[in-house]
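Here, each number is a calculation from the coordinates, and none is a lab measurement. Everything quoted here is computed from the prediction, not taken from an experiment. All Cβ positions, glycine included, derive from the backbone under ideal geometry; neighbour counts span all protein chains shown.
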Amino acid sequence: MTFDRSKMRNLEFYYSLILLLFIIHSSCSTSTDAPLDSYFIACGSSNNITHLHRTFVPDSQQPSVTFDSEHSDIINSSRTFSPIYQSARTFSTSASYNFDMNHKGWHFVRLYFYPLSKTLASASFSVVAGSYVLLDRFSFNTSKHNSTYLFKEFVIYVSTDILILTFVPFRDSDVAFANAIEVVSIPDKIFSFGHTLSFPKLKDTALETMYRLNMGGHSLVPSQNSTLFRVWEEDDKYLQPNPLASNISGNPFSIKSSSNDFVSSEVAPADVYATAKALKNILSKSNLTWVFPASPNFKYILRMHFCDIISKSRNSLFFNVYVNSEVVMKNLNLSAFTYDIGVPYVIDYVTNNTSEEDSDNLSVTVEAGGLEQGLNAILNGLEILKMSNDVRNLDGLSSVDDIFSKSDRNIPRVALIISSCGMAALLLFACVIYYFYGRIRAGKSNITLSNNEGRLRIFTFEEIQKATNNFDKSYHVGNGGFGKVFMGQLKDGTMIATKKANPQSNQGIAEFQNEIKFLSKLRHQNLVSLLGYCYEDNQMVLVYAYMVNGSLDDLLYGKNVVVPLSWRQRLEICIGAATGLHYLHTGTGGCQSIIHRDVKAANILLDENLVAKVSDFGISRSGPSSDKSHVTTVVKGSFGYLDPEYFRTQRLTEKSDVYSFGIVLLEVLCGRPALNRALPVEAKNLANWALRKVENDESSLEEIIDARLIGDAKRESVKKVWEVAKMCLEGKRIKRPTMGYVMSGLQDALHLHLHTEALASY
């Protein structure tokens, strides 16, 4: 046998060209930029796990993810078909995973479930992400799925530095669990809905991916062939039987780029646009219909992917598109939008709630247009996303407030407090305080300070003296029970605020330790940043990032206010403060939860951009343990802001902070302090005065609102803030909302204000 060398060289050239084209296509069919946030967590595993071409790291070894391990357990099994389901982390009480966020925007949150025991299979629990309920009383045994494992994908908009994912057992006998978790950021343009059909912005709506189909494909498009690790399944099981249905496939290399920047390979891979379901042997008007099970009383976003891979020239394909028999597009001519054939095009459409006639189904139909030149219809891909309802739930009717209130219902089963033991503990505590107080006054204290693995800087007293010009009077910017506050500047130019303990203050030691204890663990854009501390001899100094715009009370009713805060600024500040408090209350930084205990306008600081920072953790407390409903403690706080139920019973809960924050909302609304002894008796106390004024007539809001807001604040927005404040000020804590609910209500108030402004500008 002889070989023609020239032919061999030609073959080598062709093979090399094909290989090069394949490499180029592979690189183009995936996103060139890695997601800014990409967490792949193997819950309870002790080893890295490779699953669908990505590596899942044990939750105990991921430095940017923290979770509650105190009430957790691990279950392992080698009987499952995939390593990702061979381990699980279980929680006997509410517990959270906290993910550090680099990207503020849309994120995929993916949850993997496979019960490794009968207990897990029957357990009922909820999953909360920020202010949204993703799963409500979910149970593996009762969920509607047709496989031995369950994979759930959600889409949420994250606007904070930390995403908190909380697992909440429904009953005391239940546990919550997860086998794996993914959190992946999404380029903003992918979920900038409404490019083709107009509907509201969705940043305040959570989504759940119900279906993602590749029409006409003979097999699913695996995640490694799709950007952002999405899987596209076949469509045949949803297609109503139709002898005219035909699978069409083309060359992925032939799919052209869209002139619309929105429709890119990140929206869907070329493999999806290179296949389609179409009609064949068209003799008269006909259609293709897909039917999907759907939950009633929810709205859905349908993203329909089109690419004309059947026409030979432009303007030769016309068809109709329906959703639940409603017309979406009539005589759709794709080339009129894409200016060519073989170019992707996307239509986004929001349904009303599923119809009463067929409430459990959702249908999509493409129908031949009836024009002589275009008797065909086509659909290449389809995504169906469920939208969260009015209480921000994707799975039921419980709000986040409802979920957490059920989880906090635990009441001690056994009386653990015995008077003799209590007295002994009190005596021991007094001795300890006396010992440390004596040691600190002698300059020999052994106070243990937590530095959370070196996150805080330990300053010398000399450094702080130089930064503050030896605590010069002109650097003095405030006072507190702990001591005086001085601004300063470090050698590198960093502006700082220093709290210098008053040596005569009995509360100095405890507050000094408390601030370091909590702020060394906490990190959030709406909490003040503790940079470090100084502890030399008798000197105790705390060093913070300097807040240029001072405190909220100064800007609301301080003596030197030049330009009053606008209504929008006030709302954004309140939302920021509420977000910071919600972060504390939901259990973070290795603590079960933190109760601030001194929420007031003076402790909400503002940076150069008026971003709110909750400050002063000197009297903060860890929240109740999982088997308790409250913390019993002596009453501390600021008059005018104190929760009356806490004051009366000495029982402290997160709802005490909620009450205090309600007073702050009144200060923001009215532009006056919580207590003003210069006013007549009936007006001294802001809460009593305001509630009495607007007791039965909300039109009286105009009488109490800050006069500087007249003409600026929109009535519906003001009314919403008033409603939230009134709920916060309920006498019984059980009737008060959570800070998560407060945060959502304030966001609604801001949207009402901006919406009214936008309408007025037209």
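A few points about this structure:
- When +1 charges are put on Lys and Arg Cβ atoms and -1 charges on Asp and Glu Cβ atoms, the dipole computed for the range 552-761 relative to its Cα centre reaches about 640 debye.
- For the range 38-189, the mean projected area of the C-alpha convex hull, equal to one quarter of the hull surface, is 8.9 nm².
- Simple rule: put +1 on each Lys or Arg Cβ and -1 on each Asp or Glu Cβ in the range 38-189, find the dipole, and look at T160, F99, S122; the Cα lying farthest toward the positive end is S122.
- On the basis of the beta-carbon distance and an R0 of 56 Å, N560 and S249 show a calculated FRET efficiency of 0.20.
- Here K726 is the anchor, and the lysines within straight C-alpha reach of less than 16 Å, apart from those fewer than 8 places off in the same chain, are K655, K693, K735.
- Student exercise, the range 38-189 dipole from Lys, Arg, Asp, Glu Cβ charges, in Debye to nearest 20: 500 debye
- Lysine pair number, Cα distance threshold 23 Å (strictly under), the range 38-189, separation 8 or more or different chains: 6
- Amide proton proximity set for V158, modelled H, under 5 Å, gap of 5+: G105, W106, H107
- Taking M727, M739 and counting other C-beta atoms within 10 Å, the order from fewest to most: M727, M739
- If the chain linking E682 and S82 were pulled fully straight, counting 0.36 nm for each residue of separation and taking away their Cα-Cα distance, it would gain 209.1 nm.
- Model label points for E536 and R692, set 7 angstrom from Cα along the Cα-to-Cβ axis, are 5.4 nm apart.
- The relative contact order of the range 38-189, computed from alpha carbon pairs under 8 Å that lie at least 6 residues apart in sequence, is 32 percent.
- Residue order, fewest to most surrounding Cβ atoms within 10 angstrom, among I378, I575: I575, I378
- Simple spin-label estimate for V477 and V635 gives 3.4 nm between the two label positions (7 Å along the Cα-to-Cβ direction from each Cα).
- Rounded Å value of the spacing that divides the Cα centres of the range 84-123 and the range 612-673: 32 Å
- In this structure, N331 and A121 have a Cβ-Cβ separation that, at R0 = 51 Å, corresponds to a calculated FRET efficiency of about 0.50.
- Loop-located trypsin sites (Lys or Arg not before Pro) across the range 715-762 with a Cβ neighbour count of 16 or fewer within 10 Å are K732, with loop assigned by DSSP.
- Working note: Cα atoms of the range 552-761, range along each principal axis, descending, whole Å: 53, 38, 34.
- Cross-link table K636/K719; K203/K256; K484/K559, entries beyond 22 Å C-alpha to C-alpha: K636/K719; K203/K256
- In this simple spin-label model, placing a label point 7 Å from the Cα along the Cα-to-Cβ direction at both N48 and K285 gives a separation of 6.0 nm.
- Cβ-based exposure ranking for V611, V562, V327, in which fewest neighbours within 10 Å come first: V562, V327, V611
- The order of the peptides 743-754, 676-687 by mean Cβ neighbours within 10 Å, most packed first, is 743-754, 676-687.
- Loop-located trypsin sites (Lys or Arg not before Pro) in the range 74-118 (DSSP state not H, G, I, E or B) with no more than 16 neighbouring Cβ atoms inside 10 Å: R79, K104.
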